[in-house]
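**Student:** Below is a structure I'd like to ask you about.
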Amino acid sequence: MYEQVSHSLLNEILNKMDKNLCEQDLRYFFTRLGANFYAIHNLFQRLYGHRSDFNDQMFKLVETLTQKYLERPSELKTKDLQREDNHSWFLHQNWVGMALYTEGFAGSLKGVTKRVNYFDELGINLIHIMPILDCPEGKNDGGYAVRNFCKIDPKIGDFDDLDQLVKQLQKRDILLTLDVVVNHTSDTHRWARKAISGDKTYQDYYYIFPDRDIPDMFEATMPEIFPETAPGNFTWNEEMQQWVMTVFNDYQWDLNYSNPSVFIEMVDIILFWANKGADILRLDAVAFLWKKIGRTCQNEREAHLILQLLKDCCQVTAPGVLFIAEAIVAPVEIIKYFGEDAINARECEIAYNATYMALLWDAIATKNTKLLNRGIQSLPDKLERSTWLNYARCHDDIGLGFDDSDIRFVEYEPYAHRKFLLDYFSGKYEGSLSTGQLFGYNEKNQDARISGTMASLVGLEKAFELNNQKQIDKAIKRILLLHSFIMSFGGIPLLYYGDEVGTINDYSYQDDDAKASDNRWMHRPVLDWNKVDQRIRNSSVEQIIFDNLKQMIAVRKELSAFSDFNNREILDVSNEHMFAFIRMNLTTDERVLIIGNFDETPQHLDLNELRAKGFFQYGQVIDLFSNKSPAIFHEELVVPPLHFYWLAA
Ligand code: GLC
């Protein structure tokens, strides 16, 4: 949009800019800058317009965008243009991801490069490598306490290794996702060290207070994220003799985004990684970006403005790069991280579907899908050009963040129901074979989350221990059932490394002082490649899980109805153990009925219910996953225990 005030400021900025810069080929850059400048100016003004150095800060921002564009490798600029042409490219059903820790997966970046065939073998074409940035030895929150945003952790490699990996991935059309920890730094980061040494400029990068007055006001309404290991949201710094805001661990200092310098530094860092070849950047803990006294300090309006601004800036320099919002918050809040534009995603194109993840686990524990059904039906529709990251497990705990009103709607009592789930997954509930553990237990409200690998949570670890083949089979079925639903829902399925071969909890973290107090490490395994190699041994647990997932991925890629264009209809089926939806391609008329039984006994569904939706009208149908026809008995579809179908119309 053309608007005089912002445009004349843009002219002023361009006139001030180094003449050499302007002689470079900046055609595409200027087109994008012109297109986005009104929005950038507007957002920057809403956040920082009250400051006397506003124009100087705007200048610095535009200079950063220009500099980073000049540094952007030409092959990435070409990719940007291709993606601009095909701007919905990431909504295609072709994409299937895997998240992994470099060290746990293959020791180092070089190790990951050596293993790229493994991704091809399974059908993975998007990898999320967990933080690779330099962080202090010992406690570093799994790499989320960053000491240097532009250096790779020497333990896992260097920039040459990353370049090699990027080349290999590009050759195979595998997308690379990297983390940018936008909310905080390690207390050993250069900015924090400067702040500690008394440098006022850097003290303003954080929230630092001489006494408890303001911290106490904040504490009155801020929840605690790690109540057991890092209670409260502020940490006393001996050297500085001041309080610092530390929402997560006491060594993770929250950045102060009310300071435009922090924002510009982060733009610079984001574009740095975009220029290193990341196709997607996972922005960590975005719900926490803005702090206000008297509030929970999550999901604040300004946090969204910051994300919009980051997106608008990134589009100018590296428009082919996507953002993932890591916002594990209430269902109605998550959706806002796509942006609040009327049509298109304006903040992050991708967001973790934490709601779906938690609801799937609910269905596993209860063997009942009423909360899953209700929860998904009350999830608002996404914007266009946005998509979910559908996952069942990741490196973090499982939070039971369902909406209380949904829990009540299906006639559970919220407190008792959550207590049941915690008991179930920690194996306390009678009959449960789950071997998860409670994470982040809060004594004040008995709130907790759950740790454990997928295999252990569905009972595989216990079944092995009991040497109980029946239970082993059931656990495998649950693993496949969960995957069948993340694969078909709409969005990018994100597998978690190790789950593809049924990796159980790893308790060795307890022997490491830096990890012992954080049981999320039980589900961050060092992959045992001997176990992975069992995938070629017929009828081994690894083979069954791996080959079925491989088949699911291959079938998914063939089904255009699985692309993500809000083309899903949830079915209100009469059987409470089943979850069912239809996926469709509106242009080709391809329709697939996804149906799964979460119970341990066979479940039935009147064919007339499905006929009304256009299935089973002309005799038998085919399960696209197995290529077989499902059992029909007495005019009813029979779904075996813990089984799923992907039925063609
Ligand atoms: C994100 C990460 C989590 C980390 C937290 C603080 O939620 O996924 O592992 O502990 O941010 O950085």
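The values are calculated or read from the model by the stated rules, or taken from the named source; none is laboratory data. As the structure is a computational prediction, the values presented were derived from the model and not from experiment. Methodologically, a virtual Cβ is constructed for each residue, glycine included, from the backbone with ideal geometry; neighbour enumeration extends over all protein chains shown. These area figures cover heavy atoms from the full protein model, side chains too; ligands, DNA and RNA do not enter into them. Shrake-Rupley method; radii C 1.70, N 1.55, O 1.52, S 1.80 Å.
**Student:** On the given criteria, is Glu71 closer than 13 Å to Leu10 by Cβ and touching a Leu at 6+ places or on another chain (Cβ under 9 Å)?
**Tutor:** When the stated conditions are applied, Glu71 does not pass them.
**Student:** Tell me yes or no: at least one residue of segment 431-445 is of a type outside the set (A, V, I, L, M, F, W, C), at pLDDT 95 or above, under 29 Å from the mean Cα position of the chain (by Cα) and closer than 17 Å to Glu600 by Cβ.
**Tutor:** yes
**Student:** Okay, moving on. Here are the criteria: (1) touching a residue at least 12 places away in the same chain (Cβ under 8 Å); (2) within 28 Å of the chain's Cα centre (by Cα). Tell me which single one Asp160 does not satisfy.
**Tutor:** Condition not satisfied by Asp160: (1).
**Student:** Follow-up question, since we're still on this one. Report those helices (runs of 4 or more DSSP H) wholly inside segment 337-455 carrying at least 1 residues which are away from the ligand (no atom under 16 Å from the Cβ), touching a strand residue (DSSP E or B) at 6+ places or on another chain (Cβ under 7 Å) and open to solvent by 10 Å² or more (accessible area, probe 1.4 Å).
**Tutor:** Of the helices (runs of 4 or more DSSP H) lying wholly inside segment 337-455, those with at least 1 residues that are away from the ligand (no atom under 16 Å from the Cβ), touching a strand residue (DSSP E or B) at 6+ places or on another chain (Cβ under 7 Å) and open to solvent by 10 Å² or more (accessible area, probe 1.4 Å) span 370-377, 414-425.
**Student:** Also: Among strands (runs of 3 or more DSSP E) lying entirely in segment 212-302, which contain 1 or more residues that are in contact with a strand residue (DSSP E or B) (Cβ under 9 Å, 6 or more places away or on another chain) and more than 30 Å from Leu322 (Cβ to Cβ)?
**Tutor:** Filter on segment 212-302 gives 234-237, 242-245.
**Student:** Let me ask something additional. So which residues in segment 170-202 are within 16 Å of the ligand (Cβ to nearest atom) and acidic (Asp, Glu)?
**Tutor:** Correct list: Asp179, Asp187.
**Student:** Can you report the number of residues in segment 105-134 which are closer than 18 Å to Asp179 by Cβ and either without any contact (Cβ under 8 Å) to a residue 24 or more places away in the chain or in contact with a Phe, Trp or Tyr (Cβ under 7 Å, 6 or more places away or on another chain) (or both)?
**Tutor:** Count: 8.
**Student:** Give the residue that is surrounded by the most Cβ atoms within 10 Å (Cβ to Cβ), with candidates limited to residues of segment 46-65 that are under 21 Å from Asn275 (Cα atoms) and in contact (Cβ under 8 Å) with a residue 60 or more places away in the chain.
**Tutor:** Within segment 46-65, the match that is surrounded by the most Cβ atoms within 10 Å (Cβ to Cβ) is Leu65.
**Student:** For segment 259-276, check the following and say yes or no: at least one residue is within 16 Å of the ligand (Cβ to nearest atom), open to solvent by 40 Å² or more (accessible area, probe 1.4 Å), on the phi < 0 side of the Ramachandran plot and in contact with a Phe, Trp or Tyr (Cβ under 8 Å, 6 or more places away or on another chain).
**Tutor:** There is no residue in segment 259-276 that is within 16 Å of the ligand (Cβ to nearest atom), open to solvent by 40 Å² or more (accessible area, probe 1.4 Å), on the phi < 0 side of the Ramachandran plot and in contact with a Phe, Trp or Tyr (Cβ under 8 Å, 6 or more places away or on another chain).
**Student:** Being away from the ligand (no atom under 14 Å from the Cβ) and either open to solvent by 10 Å² or more (accessible area, probe 1.4 Å) or of a type outside the set (Val, Ile, Thr) (or both) is the requirement here; does Arg282 meet it?
**Tutor:** no
**Student:** Still on this structure, I have one more. Residue under question is Glu75, and the condition is that it be closer than 18 Å to Leu176 by Cβ, open to solvent by 50 Å² or more (accessible area, probe 1.4 Å) and at pLDDT 95 or above; does it hold?
**Tutor:** Criteria met by Glu75.
**Student:** Go through (1) open to solvent by 30 Å² or more (accessible area, probe 1.4 Å); (2) assigned to a helix (DSSP H, G or I); (3) in contact with a helix residue (DSSP H, G or I) (Cβ under 7 Å, 6 or more places away or on another chain) and name the single condition Arg32 misses.
**Tutor:** All conditions are met except number (1).
**Student:** Just to check your reading of the model, which residue among Leu637, Leu642 is at pLDDT 95 or above, assigned to a strand (DSSP E or B) and within 37 Å of the chain's Cα centre (by Cα)?
**Tutor:** Just a single option satisfies the conditions, and that option is Leu637.
**Student:** Among (1) of a type in the set (Ser, Thr, Tyr); (2) touching an Asp or Glu at 6+ places or on another chain (Cβ under 9 Å); (3) within 16 Å of the ligand (Cβ to nearest atom), where does Tyr205 come up short?
**Tutor:** (3) is the only condition that Tyr205 fails.
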